[in-house]
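Everything below concerns the one structure shown next.
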Amino acid sequence: MIYLVTGGSGSGKSAYAEELVMQSGNEKRYYIATMEVFGEEGKKKVERHRKLREGKGMITIERPLNLSSLVLEEWEGEVDGKVTVLLECMTNLLANELFSREAVQVGESCFWENKSSQENESLREAASSQVNTCESFIMYRARVAAERIKEGIRRLEEQCGLLVVVSGEVFSDGIDYGEETNAYIELMGEMNCWLAERAERAVEVVYGIGCVLK
């Protein structure tokens, strides 16, 4: 079972999701942290979340990339399906899969390999003359990122009784960003729609209040 919890920055969605985990009744609880920590602001955010989890008996797993390779039995022994997993959060995981150095290198390699020799030549010529070929490349990377994350969610769901996924609302400021950021926002919307359709329950947290969507 998937329970999707979404909301804006500072909405209280993390505390709401953790309360769901504690109410699940499963004694074994995993917290999958997807954030890669950069700078003081990132460290403060991680520390705040750690304090929220204190005394809740969660096994923390750092997994900023490659969610599909995660096997819960490798952490704290056998898993019989009667476990709860909190995945926090999709906004970080998607950014990592789309923009990390590893993701860009893998995506670039596959992108060129999947082109015909004629397309390869024309695209390389365009790149060398500084003609913008970013659109096709970023959209290709977005497709790869989406499929990697979807496969990770499917495999994780098979390993647990309840999967609580925290996501975010990043669509409301009305600013026209650059191409890569716009691709991220569009993909985040697609992933939230996919998760909401797959989930048995979906909630948007507004000012700490859970508004049931499904």
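What follows is calculated from the coordinates using simple rules that are stated; it is not laboratory data. Not measured: the values here are computed from a predicted model. Every residue, glycine as well, gets a Cβ built from its backbone with ideal geometry; the counts of neighbours run over all protein chains shown.
A compact table of results
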{"item": "Distance between modelled label sites at E186 and E158, nm, 7 Å Cα→Cβ extension", "result": "3.1"}
{"item": "A15/V170 FRET efficiency (R0 22 Å; Cβ-Cβ; nearest 0.05)", "result": "0.65"}
{"item": "Rounded FRET efficiency, nearest 0.05, which uses the C-beta distance separating V212 from E74 and R0 of 35 Å", "result": "0.50"}
{"item": "Phi to ³J(HN,Hα) by Karplus 6.51 cos²θ - 1.76 cosθ + 1.60 over the stretch 11-25, Hz, x for Gly, Pro", "result": "7, x, 5, 5, 5, 4, 5, 5, 5, 4, 4, 5, 8, 5, x"}
{"item": "Long-range amide H partners of T6 with built H, under 5 Å", "result": "S167, V203, E204, V205"}
